[in-house]
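Before any comments, here is the structure.
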Amino acid sequence: MEQTLSIIKPDAVERNLGDEIKDIFIKNHLKIKDSKKIHISKEEASEFYKVHQSKPFYDALCSYLSSGPIIVMILEGENAIKENRRLMGATNPKEAEEGTIRKLYGISIDKNSVHGSDSLENAKKEINFFFKN
Ligand code: IDP
Ligand code: MG
């Protein structure tokens, strides 16, 4: 069974969408193995999003992820990484398919409600980042 990291971002936590988003994962056979609500610092957000450090939106992205509480989760299931990305929809909610989380709840390209790991290597790194023993 594959595992991936999911984050419910501040815009969605603020609107109390946590349970609705979790239901989408559960209904689509992704098990929530662990979940916690946390509020990270800008330094932690900068570390988490380090792969994007050269992008023009990096500073705003890190400020945003640390602007309020988030819910971090380990999702587990068959092809969990790809399946989570499919359920999330495109990065820009305007381009996301009907029924996807970002289409349903995303506000804009930055306030797009969820994060999901994009590869096996990153899933391992990101799970470890938030859930080290
Ligand atoms: P992803 O979240 O779909 O994997 P990435 O390209 O990895 O998308 O970008 C990480 C996050 O950075 C996105 O979820 C989004 O919040 C933000 N982002 C990506 N592209 C832009 C942009 O062009 N402007 C502002 N924010 C962006
Ligand atoms: Mg990404």
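Brief remarks on what is shown
- Here LEU17, LEU65, LEU75, LEU61 are screened, and the one residue that is within 16 Å of ligand 2 (Cβ to nearest atom) and more than 19 Å from ILE127 (Cα to Cα) is LEU61.
- Picking from residues in the range 63-89 that are within 18 Å of TYR49 (Cα to Cα) and over 11 Å from the mean Cα position of the chain (by Cα), the one that is most open to solvent (accessible area, probe 1.4 Å) is SER67.
- Residue match in the range 25-34 (condition: without any contact (Cβ under 8 Å) to a residue 24 or more places away in the chain and either under 23 Å from LYS132 (Cα atoms) or among the acidic types (Asp, Glu) (or both)): no
- Residue, farthest from ligand 1 (Cβ to nearest atom), within the range 107-121, restricted to residues that are without any contact (Cβ under 8 Å) to a residue 60 or more places away in the chain and more than 11 Å from the chain's Cα centre (by Cα): GLU121
- Taking the criterion of being closer than 21 Å to LYS22 by Cβ, touching a Phe, Trp or Tyr at 6+ places or on another chain (Cβ under 9 Å) and of a type outside the set (Gly, Ala, Ser), the residues of the range 56-82 that qualify are LEU65, VAL72, MET73, ILE74, LEU75.
- Exclusive hit being exposed (fewer than 12 other Cβ atoms within 10 Å of the Cβ) and either out of contact with any Asp or Glu (no Cβ under 7 Å at 6 or more places or on another chain) or not in a strand (DSSP E or B) (or both), set ASP19, ASP34, ASP11: ASP19
- Looking only at residues in the range 65-114 that are assigned to a loop (DSSP other than H, G, I, E, B) and touching a Gly at 6+ places or on another chain (Cβ under 7 Å), the one that is nearest to LYS132 (Cα to Cα) is SER113.
- Residues of the range 46-61 satisfying the condition of being assigned to a helix (DSSP H, G or I), closer than 15 Å to PHE129 by Cβ and within 10 Å of ligand 1 (Cβ to nearest atom): VAL51, HIS52
The values are calculated or read from the model by the stated rules, or taken from the named source; none is laboratory data. Everything numeric in this text was worked out from a predicted model, so none of it was measured. Ideal geometry is used to build each Cβ from the backbone, glycine not excepted, and the neighbour counts take in all protein chains shown. Please note that ligands, DNA and RNA were not included when accessible areas were found on the heavy atoms of the full protein model with its side chains. Shrake-Rupley method; radii C 1.70, N 1.55, O 1.52, S 1.80 Å.
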